[in-house]
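Have a look at the structure below before the remarks.
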Amino acid sequence: MEAVASMPSREIILDLLESLWASQAFSKDCQASVAAPHSRPTPLIMADTEATGTAARSMSRDEGRLRELGYKQELKRDWSLIHNFGVSFSIISVITGITTLFQYGLTTGGPAVMASGWLVVSFFTMFVGLGMAEIVSAIPSAGGPYFWAAILAPKKWAPFASWVTGWFNLLGQVAVTTGITFGGAGLISTLATIHGYEPSAGKTLGIYAALLCSHGLVNSFGVHILRYLNNTSITLHSLGIFSFAVAVVAKAPHHQSASFVFQKFYDGTGDPGWSVRASPAYVACIGILMSQYTITGFDASAHLSEETQNASWSAPLGVLMSIGCSALFGWFLILCLLFSIQDFDQTIGSEYGQPVLQILVDVFGETGAIVLFTLVIICVWHCGLFSLTSNSRMMFSFARDGGIPHFFHNVDARFRSPIRTIWLAAFLAFLLAIPSVGSSVAFSAATSIATIGLYLSYGLPILIGMINPQGFIHGPFNLKWFSRPVAMIACGWISFITVIFCLPELNPVDSQTLNYTPVAVGIIGVWCLASWFLWAHKWFKGPIRQIEAEVAGVNVEDPAAMEQAEREGRIPQIEALESSKEASMLAAMKQTYN
């Protein structure tokens with residue numbers, strides 16, 4: 001009795017609700033209906049932010065929540081909020097995006113667009129993050145956006161919404177991994193030129209392959225050290241980059257004026273540039289690619305929710321914290337670099353081909369530049385590592401639900417890691433990089449593909465939840481009446497960047513300067529629609545009910561067996577929450593005690 005008396009009243013209520021859930025007061029049919037993935041089940045077994053329960057209790061709630069969504073715990077759940085945040089923070093990696101696209105930023109709008117564009121992008125991206133955080137709080141699954149789309153959409157359209165969202169998310173994930181790691185290979189080649197190394201397309205591709213292999217090996221066999229590498233990455237991307245930026249601006253022989261940083265506009269998009277052929281506003285719009293590409297990948301907090309304790313709170317907070325911290329650190333880094341430029345023309349036309357390295361050489365000399373640029377490369381390596389981590393988890397979940405071959409739904413028994421999807425992600429990232437070899441235009445297109453693919457997959461579930469609000473039962477993180485305005489702003493921004501990042505970047509437009517982003521995105525769009533109407537609609541039902549299928553003796557890795565079992569009624573298909581008395585009661589309880 002003393003133990004009960006010491007518990008907060010809310011905790012007592014939650015315990016009673018848990019007991020009620022397990023009791024015979026709820027019929028077996030009602031439990032199955034509420035537990036169906038499409039039902040947005042109420043978080044009766046939700047993690048509490050009050051530190052009243054033990055770690056074991058939190059773990060059981062997380063696993064119970066996953067069972068409500070129809071899945072058993074397969075991945076090792078030992079990540080905390082700080083680890084969840086750290087992965088997204090590391091994938092965003094402001095030093096990676098800013099360094100690899102600094103040349104693009106300087107020549108596409110110049111310092112003014114870089115400094116102001118970062119603030120604009122950060123502001124609107126936070127709305128996307130808020131919409132995502134609200135959804136992942138209610139649906140903490142490794143599938144992320146494609147899983148949310150299936151649950152939030154009307155039952156008739158759920159499989160189609162899941163299919164399209166999943167493929168765009170997969171495209172974006174692979175393209176982000178490509179952009180990060182291929183950019184890192186380019187930085188290594190650039191640094192080596194200080195000592196007379198002559199880079200070539202083949203050598204850069206070889207370095208890229210070696211980096212991908214190192215990421216694949218660590219993710220496959222070093223899953224137990226990922227948390228420690230995560231801690232290292234957080235330190236590098238916070239204290240390390242802060243110290244880096246302060247050192248640059250403090251050591252610089254002279255500084256540019258505030259008018260240079262905030263007002264200098266530069267158009268290096270051709271002769272004549274797009275500011276002449278179109279308008280300066282056109283250049284400013286396409287110039288925000290550096291900022292928007294950098295602040296991507298925060299869906300990693302969702303993809304790691306099945307490995308995170310107290311996921312209904314930790315995952316949404318991980319999303320928002322990673323965006324907020326990255327916005328602050330990124331803007332500070334951009335300002336320090338811009339103020340420290342010694343000669344603008346020399347920086348743009350650097351003999352190293354890398355303006356950030358040129359700034360470091362001008363400020364510290366070659367020896368100091370090598371040390372600091374090595375720090376940048378280490379940060380990029382960590383960024384690529386955790387990008388592959390997130391990518392593989394998404395593919396693992398998509399394979400589990402039949403979006404890609406079930407062969408890839410496998411967790412190694414010894415290392416507790418999805419080794420098959422890890423190497424699938426690495427292989428696809430390698431293939432996507434091949435057109436970028438020796439082409440800066442192709443590389444910027446790859447970053448555009450990553451940005452559009454990911455943000456479309458972020459926006460579709462938010463849009464569906466806004467259009468079909470009656471189907472969205474919120475989790476602990478609830479925006480309440482702000483939810484709809486936030487969703488509208490998020491969807492509007494995603495629509496805007498989808499259009500502008502498909503526009504030409506260089507003038508004149510020819511085979512060498514063509515932005516092939518709309519081609520790649522269009523191919524995925526056509527693939528999604530064609531594959532769906534030709535064959536996928538016959539067997540892809542969206543997220544499957546893994547637990548019910550296994551209890552019924554159905555092979556979850558056999559699509560034909562799953563389809564037959566669904567027709568025979570042995571396992572439930574995705575359905576909307578029925579307006580039964582019991583379901584209404586659960587929704588009311590959830591709203592009362594959320």
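Values quoted throughout were computed directly from the atomic coordinates according to the rules given, and no laboratory measurement underlies them. No experiment lies behind these values; they were computed from the predicted model shown. Quick reminder, even Gly has a Cβ in these numbers, built from the backbone with ideal geometry, and neighbours come from all protein chains shown.
Computed quantities for the displayed model
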item	result
Over segment 81-539, relative contact order from alpha-carbon pairs under 8 Å, at least 6 apart, %	35
Out-of-range pairs (alpha-carbon distance over 22 Å; input 156/541; 155/538; 203/251; 156/538)	203/251
Taking the convex hull of Cα positions in segment 271-419, its mean projected area over all directions (nm²)	13.9
Value of Rg to Rh for segment 104-172 (Rh from inverse mean 1/r over Cα pairs, i.e. Kirkwood)	1.17
Linear extension gain, residue 328 paired with residue 258, 0.36 nm per residue minus alpha-carbon span	23.3 nm
Top positive-direction residue, dipole computed over segment 81-539 with Cβ charges, set 89, 278, 391	391
Ascending count of other beta-carbon atoms within 10 Å, so fewest first, for 299, 412, 510	510, 412, 299
Cβ-based exposure ranking for 61, 227, 393, 484, in which fewest neighbours within 10 Å come first	484, 227, 61, 393
Amide proton proximity set for residue 270, modelled H, under 5 Å, gap of 5+	507
Cα-Cα P(r), segment 160-254, percent of pairs per 10 Å interval	13, 25, 36, 21, 5, 1
Cα pair distances of segment 287-342 binned at 10 Å [whole percent]	21, 39, 24, 12, 3
Segment 83-198 - convex hull of the alpha-carbon atoms, volume per residue in Å³	145
Potential lengthening between residue 277 and residue 527 on full extension [0.36 nm per residue; Cα-Cα distance subtracted]	86.5 nm
Cα centroid of segment 117-191 to Cα centroid of segment 442-471, whole Å	6
Rg [Å, one decimal], Dmax [Å, integer] - segment 165-318, C-alpha atoms	20.2, 55
Built amide H within the under 5 Å cut-off of residue 308, gap 5+	79
Geometric extent, Cα atoms of segment 81-539 - Rg, Dmax (angstrom)	21.0, 67
Segment 247-305: chymotrypsin sites (Phe, Trp or Tyr not before Pro) falling in loop per DSSP and having at most 15 other Cβ within 10 Å	265
Neighbour-count order for 211, 320, fewest beta carbons within 10 angstrom listed first	320, 211
